[in-house]
Amino acid sequence: MPPEGPNLAWGLQFYRQAIASLRLIAQWMESHPEARKARALRGETSLIDPMRGLIRDLGFEVFRVERGASGWRWLRYRMDDLYVWMLMQAYNPASLRGKRLHQLERVEFWISRERFLERYGNARSLRGEARISPPPPEGTQAAS
């Protein structure tokens with residue numbers, strides 16, 4: 001992320017890299033027999049609300065985890081939030097401008113194996129659908 005904060009170019013690059021990563025995961029799942037047992041993919045993290053829309057746009061269902069949590073579970077979620085906040089502060093401080101720690105929420109996101117592979121797997125290229133390739137490494141130019 002640029003030091004001045006996110007902009008449209010950065011957002012597009014981030015989105016393309018996310019798509020490229022999901023396609024690599026799908027490629028791995030299609031080529032490894034042990035991955036056939038997986039019925040769904042799941043993630044869990046702390047994030048600030050606008051990121052929920054991006055995760056949904058990528059095809060995942062998003063659920064808030066911490067509702068009704070109390071005691072040690074509530075404390076664990078707050079510690080996870082603090083850890084994520086510190087990582088963001090250390091590696092991407094521009095993303096935190098105007099945001100507060102209490103705005104983070106613990107979420108999990110799910111997508112079925114079938115839907116994931118339909119969306120990101122090789123079947124897409126067999127149908128002739130365009131793939132977004134990852135951007136070139138920093139400091140290099142893309143071939144025309």
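What follows is calculated from the coordinates using simple rules that are stated; it is not laboratory data. Note that this is a predicted model, so its numbers are computed, not measured. Glycine also receives a Cβ, built like all others from the backbone with ideal geometry; neighbour counts cover every protein chain displayed.
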Review point. Across the stretch 76-83, in residue order, what do the Karplus-derived ³J(HN,Hα) couplings come to in whole Hz, using 6.51 cos²θ - 1.76 cosθ + 1.60 with θ = phi - 60° and x for Gly and Pro?
Key: 4, 4, 5, 5, 4, 4, 4, 4
**Study point:** Linear extension gain, L75 paired with R16, 0.36 nm per residue minus alpha-carbon span
**Key:** 17.7 nm
Revision key, fill the gap. Distance in nm between V62 and K99 label points, each 7 Å along Cα→Cβ, equals 1.1 nm
